[in-house]
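Report on the structure given below.
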Amino acid sequence: MSNQTDRTLDAIDRQLIAMLREDARLPVTSLAHAVSLSRASIHSRLARLKRDGIIAAYTLRLGAEFGQRLIRAHVMLKVTPKLARAVERDLAGMIELVALHAISGEYDMIAVVEAENVAALNDVIDRIGECEGVADTTSAILLSTKVQRGV
């Protein structure tokens, strides 16, 4: 099996990835037309990108109207080092968790969470703070998203 570090992406690979980040359900014919290649070439490239681990999965992005109704926050966490794995497991079990990042600096992790209203978001933040191993949290509610690309 190939490893993604064994090769570099060419301009067409990068363009395909950018297009799929915008809409993972784009038909192969649309991708082929956009990069001026045959459908067979696109199928081959996508298969290679999957095989090499560059494309792991296709995902869902919420519609703008629904997404704008959600309240999101970044919760920065200071974690007791010996309990970091337990904190990760506890947070992974929360359906409101969108992402969890290990970071450098004063805090150890940033949890990205979302909820349908302020009361629900407050509850999520409280539950994070109650996790054994979480020593301190600081939260920042996101007011608006100026640019977002698929990840």
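None of the figures in this text is laboratory data; all of them are computed from the coordinates on show. The structure presented is a predicted model; accordingly, all values stated were derived computationally and were not measured. Quick reminder, even Gly has a Cβ in these numbers, built from the backbone with ideal geometry, and neighbours come from all protein chains shown.
Geometric descriptor of the range 64-141, per residue, is 82 Å³ (volume of the convex hull of the Cα atoms). Quick one: angle between helix 11-22 and the longest Cα principal axis of the chain, in degrees between 0 and 90, rounded to 10, please. That works out to roughly 50 degrees. Computed from the Kirkwood radius of its Cα pairs, the Stokes-Einstein diffusion coefficient for the chain at 4 °C and 1.567 mPa s stands at 72 µm²/s. A simple count of charges around Arg21, restricted to other residues whose Cβ falls under 10 Å of its Cβ and scoring Lys, Arg +1 and Asp, Glu -1, yields 0. Of the GluC sites (Glu not before Pro) in the range 72-123, the ones in a loop by DSSP (not H, G, I, E or B) with at most 12 other beta carbons within 10 Å are Glu106, Glu116. A simple count of charges around Ile125, restricted to other residues whose Cβ falls under 13 Å of its Cβ and scoring Lys, Arg +1 and Asp, Glu -1, yields -4.
Tally Lys/Arg at +1 and Asp/Glu at -1 over every other residue whose Cβ is under 11 Å from the Cβ of Ile71; what's the total? That works out to -1.
Only helical runs count toward this figure. For the chain, summing -39,500 (n - 2.57) over DSSP H runs of n ≥ 4 and dividing by all residues gives -12000 deg cm²/dmol at 222 nm.
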